[in-house]
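The values are calculated or read from the model by the stated rules, or taken from the named source; none is laboratory data. What you are looking at is a predicted structure, and each value in this text was computed from that prediction instead of being measured. Neighbour counts run over all protein chains shown; Cβ positions are idealised from the backbone, glycine included. Calculation scope for accessible area: heavy atoms of the full protein, side chains included, ligands and nucleic acids excluded. Shrake-Rupley method; radii C 1.70, N 1.55, O 1.52, S 1.80 Å.
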Amino acid sequence: MARMGGLAAFAAALWLWPAIGAGAEAWPGRQVKIVVAFAPGGSADQFGRLLAAELSAAFKQQFFVENRPGNSGAIGSAQVARSEPDGYTLLIGGSGPHLTGPAINPNIGYDPLTDFTHIAMIGADSYAWAANPALGVRSIDDLVTLARSRRQNPITSSSPGPGSLGHLLIEQFKRKADVDIQHVPAPNSGVTDVLGNHIAMTLTAMMTVGEQVKAGQLVALAVTSTERNPVFRGIPTFAEQGYPDVRGSTWFWLCGPKGLPPEVVNKLSEVTRRIVKSPKIQDHFQKLALLWKDLDVAAVQAFLAEEYAFWAPLARDAGLKSQ
């Protein structure tokens with residue numbers, strides 16, 4: 001009887017084993033961490049928390065944000081690159097740590113294209129070059145004319161910081177237009193200093209200067225996106241004003257370490273794309289003048305590879321170094 005009981009128990013265990021295995025493989029079976037490699041409150045953090053809430057509702061499992069700031073996003077990104085590829089540690093990828101950072105910091109600790117699984121685009125900050133009205137310029141042509149007359153006393157412009165997208169765009173414009181503009185690092189993209197006319201201009205996210213532009217406190221000369229911003233359609237692009245190579249937006253996307261299981265990647269891609277296209281999120285993006293792209297996994301990888309191929313040489317040619 002004992003032997004029969006043992007056989008029965010063994011048979012029952014065999015019968016249950018596939019179900020136990022299937023349950024162990026189901027994802028997400030526990031809470032999922034989304035690392036934001038910047039301090040709370042910034043664009044990456046806002047995108048991360050917005051997405052975490054929607055993914056939690058969609059998967060009926062908690063997705064939570066963990067902020068790991070440092071070294072312009074490189075510290076948190078490197079930690080995720082070294083994490084287990086099990087789908088329980090994800091990252092909000094960004095233009096700074098993944099597209100420009102590796103080009104100006106050879107010791108950043110990861111390859112932005114091969115050390116991550118890039119899953120789905122979320123959105124982007126559209127950038128604008130905004131000037132104090134006292135500068136007396138209303139267009140890029142006006143700016144070029146004034147800058148060329150002031151080579152001994154260059155016009156000043158701030159950006160989100162040294163090596164940032166705004167800084168790179170300023171350097172790109174200087175070469176293309178053959179002008180000299182002095183970059184001035186300042187907190188919060190120097191907006192307060194520009195409003196006070198201590199710095200002439202700032203090239204920064206539209207989220208940062210949009211209200212001042214609407215109020216007429218700043219004059220927006222151009223947006224850096226390839227098309228006009230849907231909220232600020234009166235502001236022309238650089239391309240429309242003769243500078244097609246001066247373009248770019250700060251993109252954010254969902255990614256994880258390399259080697260994520262395909263079924264996890266496909267689930268996350270499908271659900272994230274559905275979230276971003278939903279009326280709720282589109283309305284949110286519209287209010288904040290944010291951009292978005294609907295790309296499948298292969299298209300995300302291709303888009304980021306193209307962006308890196310564009311920005312890396314520009315960062316190196318500008319002679320920028322990591323701060």
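Go through (1) more than 16 Å from Leu268 (Cα to Cα); (2) of a type in the set (Phe, Trp, Tyr); (3) open to solvent by less than 40 Å² (accessible area, probe 1.4 Å) and name the single condition Phe47 misses.
(1)
Mind counting the residues in segment 97-111 that are at pLDDT below 95 and open to solvent by less than 30 Å² (accessible area, probe 1.4 Å)?
Total meeting the criteria: 10.
Being among the aliphatic types (A, V, I, L, M) and open to solvent by less than 50 Å² (accessible area, probe 1.4 Å) is the filter here, so list the residues in segment 208-230 that pass it.
Residues satisfying the conditions are Val209, Val213, Leu218, Val219, Ala220, Leu221, Ala222, Val223.
Please work out which residue is least open to solvent (accessible area, probe 1.4 Å), limiting yourself to segment 154-175 and to residues that are under 19 Å from Val137 (Cα atoms) and part of a loop (DSSP other than H, G, I, E, B).
Ser159
Find the residue count for segment 138-153, including only residues that are surrounded by fewer than 15 Cβ atoms within 10 Å (Cβ to Cβ), without any contact (Cβ under 8 Å) to a residue 40 or more places away in the chain and part of a helix (DSSP H, G or I). Lay out the reasoning, then the answer.
Residues of segment 138-153 that are surrounded by fewer than 15 Cβ atoms within 10 Å (Cβ to Cβ), as a first pass: 138-139, 141, 145, 148-153.
This time we only want the ones that are without any contact (Cβ under 8 Å) to a residue 40 or more places away in the chain, so: 145, 148-153.
Subset that is part of a helix (DSSP H, G or I): 145, 148-149.
Residues that pass the stated criteria total 3.
Within segment 138-165, track down each residue that is within 30 Å of the chain's Cα centre (by Cα) and not hydroxyl-bearing (Ser, Thr, Tyr).
Arg138, Ile140, Asp141, Leu143, Val144, Ile155, Pro160, Gly161, Pro162, Gly163, Leu165
For segment 296-314, how many residues meet the condition of being surrounded by fewer than 19 Cβ atoms within 10 Å (Cβ to Cβ) and in contact with a strand residue (DSSP E or B) (Cβ under 7 Å, 6 or more places away or on another chain)?
2
So, of the residues in segment 176-207 that are part of a helix (DSSP H, G or I) and touching a residue at least 40 places away in the same chain (Cβ under 8 Å), which turns out to be most open to solvent (accessible area, probe 1.4 Å)?
My answer is Lys176.
Consider only pairs whose beta carbons are under 7 Å apart and that are at least six residues apart or on different chains; among these, list those whose first residue lies in segment 276-287 and is open to solvent by 50 Å² or more (accessible area, probe 1.4 Å) and whose second residue is among the charged types (D, E, K, R) and outside any helix (DSSP H, G or I).
Taking only residues 6 or more apart or on different chains, the pairs are Lys277/Asp294.
Restricting attention to segment 46-70, which residues are assigned to a helix (DSSP H, G or I) and in contact (Cβ under 8 Å) with a residue 24 or more places away in the chain? Walk me through it before giving the result.
So the first thing to find is which residues in segment 46-70 are assigned to a helix (DSSP H, G or I), and the list is 46-59.
Within segment 46-70, Phe47, Gly48, Leu50, Leu51, Glu54, Leu55, Ala58, Phe59 qualify.
Tally the residues that are β-branched (Val, Ile, Thr), under 16 Å from the mean Cα position of the chain (by Cα) and open to solvent by 10 Å² or more (accessible area, probe 1.4 Å), restricting the search to segment 112-129.
Just the residues of segment 112-129 that are β-branched (Val, Ile, Thr), to begin with: 114, 117, 119, 122.
Still in the list and also under 16 Å from the mean Cα position of the chain (by Cα): 117, 119, 122.
Adding the requirement that they be open to solvent by 10 Å² or more (accessible area, probe 1.4 Å) leaves 117.
Of the residues in that region, 1 qualify.
Among the residues of segment 56-96, which ones are among the acidic types (Asp, Glu) and either over 15 Å from Ala39 (Cβ atoms) or open to solvent by less than 10 Å² (accessible area, probe 1.4 Å) (or both)?
Correct list: Glu84, Asp86.
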